[in-house]
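Remarks on the structure that follows.
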Amino acid sequence: MAYSITQNTTLLTGASILQKIVSFVYFTLIARLLGAENTSQYFLALSFALIFTVVADFGLTTVLTREVSKYPKKAKKYLNSIFWVKLLLGLVTYFLIVITANILNYPELTKQLIYIAGITVFFDNLTLTAYAFFRAHKNLFYESASIFLSQLTTLAIGTVVLLMGWPMIGLIIAFTIPSFINFLICLIYLKKKYNFTYSFTWNKQIVKLFLGISIPFALAGIISRLYSYTDTLIMSKILSSMELGWWSVPYKLIFAFKFIPAALTISIFPVISHSYLKNKEIVERLFRKAWSYLIIISIPMAFGLYTLAKPLILKIYTAEYLPAVPVLQILGFAIVFIFLGYINGTLLNAIDKQKLQTKIIGSAWILSIILNLILIPKFGIIGAAWASLCSNIFFTIVGYYFINKFINLRNVENIKIFIKSLLSAIVMSFIIYYTEFKFNFIIAIPVGIITYFLILYLLKGYTKEMVLNNLIKLRILKAK
């Protein structure tokens, strides 16, 4: 069964919201019960393993989604061959994880946590292969359901580990068990819903074709992941465990919001890929809708986090994490550019400009390394926050510049919606500050949201027809 863009976005966004809520609760329990120093080891192990997920995937998930959406009759043949390629890549990746962790000479406990996290990476990588098949068929139902249920299982297992006082390895195993179960269910779902037959198929032509196409995607993915976690690796070798623990709190909060652009881009990628050569106007309208949607959502989030950073940290994570407040305030503004960077990258990849996207990410990564090496030794985690903000601004602006060469972005319209959202968010932040001062941040949040959208409506930032949960809906793009 195929779903429309709006349905898929709603499914994945809804599941991601629930997943992030559960993930937020889980990480909060860990941060409060383990303290900043122990939390840093947990955070480092997961961050380290996540860097290698792109090596295991090698860009093949994106290529498989794109090629199956173009040639649905070849879908099963493609999936059978690529599955075995990714199985081999997963084994090689696990070996690299173990070797690299030892080369960097991390403490024994940290290495053990990394080894277990590597197993999770292995199974998640294989599951992504099935997800690519579902995405190409415009069916995100199973992926949406598994995202939430897997995280719920992790919370259940991890909570038991925390309350029973078991070793920290149990907190990582809490990810590995649902990852394995999810992989098995995926295999069953493919067979039941799509009548998929599993066989050891090594079609040299398909493998050669996909690996050739995937190289730019793989390079972009590897650089992008390094771009996201290089600061953590640098801090793990320069700063104390306590400082890394402080950093983990605002980083995880910001990371939690990435599901918004991720859900949107997963839904629109097959449509852009399919429509670019046939009807560029559809791509232009879809991109502009997505851009406006992300601006309207991200700007108030940035101002809200800046205004409420201190009460959020104090109430949720305790006073031990107070040094993380300025970091959260700075990273909050990076959200805007992280969101917009997602949609930029999706369009470039979908229209076969992945080499350009790789160059843009590579440039941003180099800038990030330079800034981190300069700022972290001088300013610690605050320096890392500024490095992240500056590199994300660079990444988004450069991407937008090149996209403007391929499609009509209507820059004036984009600037208008940006200014209107900015003005609305500024008014909102004053209302939030006053409400939080008089009452508390729990009341301030809904008051701020209502204020923002009321002001934005008065400024004609959206109309009655532009209901938020249908912003990207284009009737002509409904799946057939």
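Considering the range 93-122, and only residues there that are free of Cβ contacts under 8 Å to residues at least 24 places away in the same chain and of a type in the set (A, V, I, L, M), the residue that is farthest from Gly170 (Cα to Cα) turns out to be Ile103. Evaluate the following for Ala145: is it surrounded by fewer than 22 Cβ atoms within 10 Å (Cβ to Cβ) and in contact (Cβ under 8 Å) with a residue 24 or more places away in the chain? It is true that Ala145 is surrounded by fewer than 22 Cβ atoms within 10 Å (Cβ to Cβ) and in contact (Cβ under 8 Å) with a residue 24 or more places away in the chain. Restricting the range 138-157 to residues that are over 19 Å from the mean Cα position of the chain (by Cα) and part of a helix (DSSP H, G or I) leaves a set whose member that is nearest to Ser23 (Cα to Cα) is Leu155. Take the conditions farther than 30 Å from Lys77 by Cα and polar (S, T, N, Q) and apply them to Ser240. Does it pass? So Ser240 fits the description; yes.
Condition check ((1) of a type in the set (A, V, I, L, M); (2) in contact with a Gly (Cβ under 8 Å, 6 or more places away or on another chain); (3) not in a helix (DSSP H, G or I)) across all residues:
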| site | (1), (2), (3) |
| --- | --- |
| Tyr306 | no, yes, no |
| Leu314 | yes, no, no |
| Val325 | yes, no, no |
| Leu328 | yes, no, no |
| Phe337 | no, no, no |
| Ile343 | yes, no, no |
| Gln357 | no, yes, no |
| Gly362 | no, no, no |
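Looking at Leu33, is it aliphatic (A, V, I, L, M) and more than 30 Å from Gln354 (Cβ to Cβ)? Criteria met by Leu33. I'd like to know if the range 84-100 contains one or more residues that are within 19 Å of Phe52 (Cα to Cα), in a helix (DSSP H, G or I) and touching a Ser or Thr at 6+ places or on another chain (Cβ under 6 Å). Yes, the range 84-100 has at least one match. Picking from residues in the range 245-280 that are more than 16 Å from the chain's Cα centre (by Cα) and not in a helix (DSSP H, G or I), the one that is surrounded by the most Cβ atoms within 10 Å (Cβ to Cβ) is Tyr276. Within the set of pairs 6 or more residues apart or between chains, which connect a residue that is touching a residue at least 12 places away in the same chain (Cβ under 8 Å) and within 21 Å of Ala263 (Cβ to Cβ) inside the range 340-369 to a residue that is outside any helix (DSSP H, G or I) and of a type in the set (Ser, Thr, Tyr) with Cβ atoms less than 7 Å apart? Short answer, once both residue conditions are applied: Ala350/Tyr276; Ile351/Tyr276.
Restricting the range 42-61 to residues that are of a type in the set (Gly, Ala, Ser) and assigned to a helix (DSSP H, G or I), the residue that is nearest to Leu91 (Cα to Cα) is Ala56. The set of residues in the range 176-225 that are of a type in the set (Gly, Ala, Ser) and assigned to a helix (DSSP H, G or I) comprises Ser179, Gly212, Ser214, Ala218, Ala220, Gly221, Ser224.
Considering the range 392-412, and only residues there that are surrounded by fewer than 16 Cβ atoms within 10 Å (Cβ to Cβ) and among the polar types (S, T, N, Q), the residue that is nearest to Gly362 (Cα to Cα) turns out to be Asn404.
Taking Ser368 as meeting all but one of (1) touching a Ser or Thr at 6+ places or on another chain (Cβ under 7 Å); (2) surrounded by fewer than 18 Cβ atoms within 10 Å (Cβ to Cβ); (3) not hydrophobic (A, V, I, L, M, F, W, C), write down the number of the exception. Just one mismatch for Ser368, condition (2). Filtering the range 392-432 to residues that are basic (Lys, Arg) and farther than 15 Å from Ser292 by Cα leaves only Lys405. Return a yes/no flag: does the range 185-200 have any residue that is buried (at least 16 other Cβ atoms within 10 Å of the Cβ), touching a Phe, Trp or Tyr at 6+ places or on another chain (Cβ under 7 Å), modelled with pLDDT of 80 or more and more than 20 Å from Thr62 (Cα to Cα). Looking for residues that are buried (at least 16 other Cβ atoms within 10 Å of the Cβ), touching a Phe, Trp or Tyr at 6+ places or on another chain (Cβ under 7 Å), modelled with pLDDT of 80 or more and more than 20 Å from Thr62 (Cα to Cα), one finds at least one in the range 185-200, hence yes.
The values are calculated or read from the model by the stated rules, or taken from the named source; none is laboratory data. Values in this document were obtained by computation on a predicted structure and should not be read as measured data. Reconstructed Cβ throughout: ideal geometry from the backbone, glycine too, with neighbour counts over all protein chains shown.
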